[in-house]
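Below is one structure; the comments refer to it alone.
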Amino acid sequence: MGFTVYYRTTKPVSNELSSQISSAADALCRQRQWLSCEPIRFFAKTDGHMKGGSKPNFSPHPDDVAAFEAIDRPDGTMLDALEVLCEISRRHAVDWEFSHDHDEGPIGFIISGECDENLLAQVEALDQLTTLISGVQTGPAVAPNIYVEDDLIDDLPEDVGGFASLAEVEAHVEASDDDDDDEEPAILKFPS
């Protein structure tokens, strides 16, 4: 299953800054193994803006899981990708806007190294969904160093996968697992 989260600079950047940002992203991404998500990667610049995309990995190959378990580096998730972009924003004074395959966006922003609540909520939901679908447990989650206006996010936007909260996603998955009808596999339905 393919689904890409896209990030784009809010303003055009010079070729020199683009090179610095790419190098910083590569260095920060080498600190993780990136089983649950693709690391930060950039495409060719358009209109002077840097644009990139990362896909969560809903179905890691068994060989990749075995390789991950053999290496002593933490897993890279969409939250980690977000933290890399927050750090680049802080270091290089560049802001980011986000979209994904089903919403041209922007669905959220990183401004001055701070991630807005809507974007953070959507990425947290996506990470939880990735874990639920893949069934891969990569160890205890470590809270990323992402800055938001409020310390607690009580509710997710209703448009995050059609669910109002992560608890609702978990309840839906548990209900699907508890069904006595074993003839068909449980399916997590997304609104169109």
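Any read-out appearing in this document is the output of simple, stated calculations on the displayed coordinates, not a laboratory observation. Quick caveat: nothing in here was measured; it's all calculated off a predicted structure. For neighbour counting, all protein chains shown are included, and Cβ atoms are generated from backbone atoms with ideal geometry for every residue, glycine included.
Structure values in brief
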{"item": "Separation in nanometres of the label points that stand 7 Å from Cα toward Cβ, at SER59 and ASP26", "result": "3.2 nm"}
{"item": "Prolate/oblate/rounded label for the stretch 2-69 (Cα gyration tensor, a/c 1.5)", "result": "oblate"}
{"item": "Amide proton proximity set for GLY108, modelled H, under 5 Å, gap of 5+", "result": "PHE98"}
{"item": "Only Lys, Arg (+1) and Asp, Glu (-1) charged, at Cβ; the stretch 19-124 dipole about Cα centre in debye", "result": "460 debye"}
{"item": "Difference of contour (0.36 nm per residue) and Cα-Cα distance, LYS11 to SER112", "result": "35.1 nm"}
{"item": "Modelled FRET efficiency - R0 45 Å, HIS49 with LEU132, Cβ distances, 0.05 increments", "result": "0.85"}
{"item": "12 Å beta-carbon shell around LEU79, net charge (K/R +1, D/E -1)", "result": "-4"}
{"item": "For the stretch 1-73, with +1 on Lys and Arg beta carbons and -1 on Asp and Glu, the positive-most of CYS29, PHE42, ASN57 along the dipole", "result": "PHE42"}
{"item": "Full-extension gain in nm, ARG73 to ALA93, via 0.36 nm per residue minus C-alpha separation", "result": "4.4 nm"}
{"item": "Amide H within-cut-off set for HIS49, under 5 Å, with H built and near neighbours excluded", "result": "VAL13"}
